[in-house]
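Notes for the one structure printed next.
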Amino acid sequence: MKKVGYIGLGLMGKPIAKNILHAGYSLVVHNRSCASVDELVGEGAIAASNPAEVAEQVDLIFTNLPDSPDVEEVALGPQGIIEGAHKGLIFIDNSTIKPATARKIALELGKSGVRSLDAPVSGGDIGAQNGTLAIMVGGPEDAVEDVMPIFRAIGKTITHVGGSGTGQITKAANQIMVAAQMVAMGELLILSQKAGADPEKVVSAIRGGAAQCWALDNKPQKLLKGNRKPGFKAYMQAKDLSIVMDTAREYGIPLPLTATTSQLFYSMLEIGMRNLDNSAVIGVIEKLSGVQLAEK
């Protein structure tokens, strides 16, 4: 059985790494903070002091990091994966980063005989814990086939989209839809309440029709209880929308709705909501409308 490395044990990375470990793989881990590493070591993982040390010991190496510069630094920087690279190593990035960055990393690691997959995930912390993530993969088909048993340990839907960078393009498209759903949900909840209808009953009514979506299935119940803890933090959603808009500008694509959605999420950061759930964008709509969603 192949030996696996995982770098980045945050809200998503830690449960993904646990699922790999629980699937029976030997796992080497690295993270900036020690608590998550210690937790995984307590369950049987091996700790490494830097990314190069992870790469030297494994057949497959995953990363799950906040943004494009972080992944590039871990992959190509000092004591990075490239310094521990060996022929046959496969690099898999579960982060959400710019497609151009994914392609650059794949090109540079390829010079050392490393095959790279950009494999961002969707499904939130619940999907990460339950091993039911949607995984969108860009990169060479033979590498996808080699990694598929591990993908099946962490995800429910695995789609090979195409060549390097296409996984990240797919994730950008995913984030357009996710962010729009969160804003639309916030608007309909506030509209219902301020106009005199019970938001909970409104959601129950429309969820059975054309408005049905993941957001309505999973988020209103928490919001109506006053629970705005993450899930998926607002500042990460804002970062992802920046990737979308940067990519759109690169290709000359107008995205007027996403531009407005992005502004709403950046407003969350300005008013102190950066660490709340992305569904807490309803807080911006509350401030604009002068009404707060009533707790049940």
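The values are calculated or read from the model by the stated rules, or taken from the named source; none is laboratory data. For clarity, every value in this text was computed on a predicted model and none was experimentally measured. Backbone-built Cβ (ideal geometry, glycine too); neighbour counts: all protein chains shown. Heavy atoms of the whole protein, side chains included, go into the accessibility calculation; ligands, DNA and RNA do not. Shrake-Rupley method; radii C 1.70, N 1.55, O 1.52, S 1.80 Å.
Listed values, structure above:
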| item | result |
| --- | --- |
| Within a Gaussian network of the chain (alpha carbon springs, distance under 10 Å), most fluctuating of Ala234, Ala211, Ala179 | Ala211 |
| Highest-fluctuation residue, Ser242, Ser267, Ser33 considered, GNM on the chain with Cα pairs under 10 Å | Ser33 |
| Per residue solvent-accessible surface (Å²) - the chain, probe of 1.4 Å | 44 Å² |
| From phi via Karplus (6.51, -1.76, 1.60), per-residue ³J(HN,Hα) for the stretch 124-139 in Hz, x at Gly/Pro | x, 5, 5, x, 5, 5, 8, x, 10, 5, 8, 10, 10, 10, x, x |
| Cut-off 18 Å (backbone N to label point 7 Å along Cα→Cβ of Arg152), residues of the stretch 25-57 | 25-26 |
| Separation of alpha-carbon centers, the stretch 240-281 and the stretch 95-159, rounded to whole Å | 24 Å |
| Relative contact order (%) - the stretch 51-149, alpha-carbon pairs under 8 angstrom, separation at least six | 24 percent |
| From phi via Karplus (6.51, -1.76, 1.60), per-residue ³J(HN,Hα) for the stretch 61-72 in Hz, x at Gly/Pro | 10, 9, 10, 8, 10, x, 8, 3, x, 5, 5, 5 |
| Helix 141-154 axis, angle to the chain major axis (alpha carbon atoms, nearest 10°) | 60 degrees |
| Amide H within-cut-off set for Tyr6, under 5 Å, with H built and near neighbours excluded | Val28, Val29, His30, Phe62 |
| Computed label-point distance, nm, for sites Asp217 and Ala180 using a 7 Å Cα→Cβ extension | 1.9 nm |
| Helix 13-22 axis, angle to the chain major axis (alpha carbon atoms, nearest 10°) | 60 degrees |
| Reachable aspartates and glutamates, given that their alpha-carbon falls under 14 Å from the alpha-carbon of Lys296 and they are not under 8 places away in the same chain | Asp198, Glu200 |
| Distance (nanometres) between label positions extended 7 Å along Cα→Cβ at Asn130 and Ala210 | 2.8 nm |
| Other-chain or far-sequence residues with amide H under 5 Å of Arg228's (modelled H) | none |
| Gain on full stretching of the segment that runs from Lys296 to Ala23 - 0.36 nm per residue minus C-alpha separation | 94.3 nm |
| Cα→Cβ-extended label distance, 7 Å offset, between Lys229 and Lys87, nm | 5.1 nm |
| Length released on extending from Lys287 to Lys3, taking residue separation times 0.36 nm less the Cα-Cα span | 97.2 nm |
| With DNA, RNA and ligands ignored, accessible area of Leu191 (1.4 Å probe; Å², nearest 10) | 120 Å² |
| Cβ charges +1 (Lys, Arg) and -1 (Asp, Glu), total dipole of the chain, debye | 740 debye |
| Residues whose placed amide H lies under 5 Å from that of Ser164, excluding near-sequence neighbours | Gly139 |
| Whole-percent carbon and sulfur share, accessible surface of the stretch 99-189, 1.4 Å | 55 percent |
| 3J(HN,Hα) from dihedral phi, the stretch 36-46, Karplus parametrisation 6.51/-1.76/1.60, rounded to Hz, x for glycine, proline | 5, 4, 4, 4, 5, 4, x, 9, x, 6, 10 |
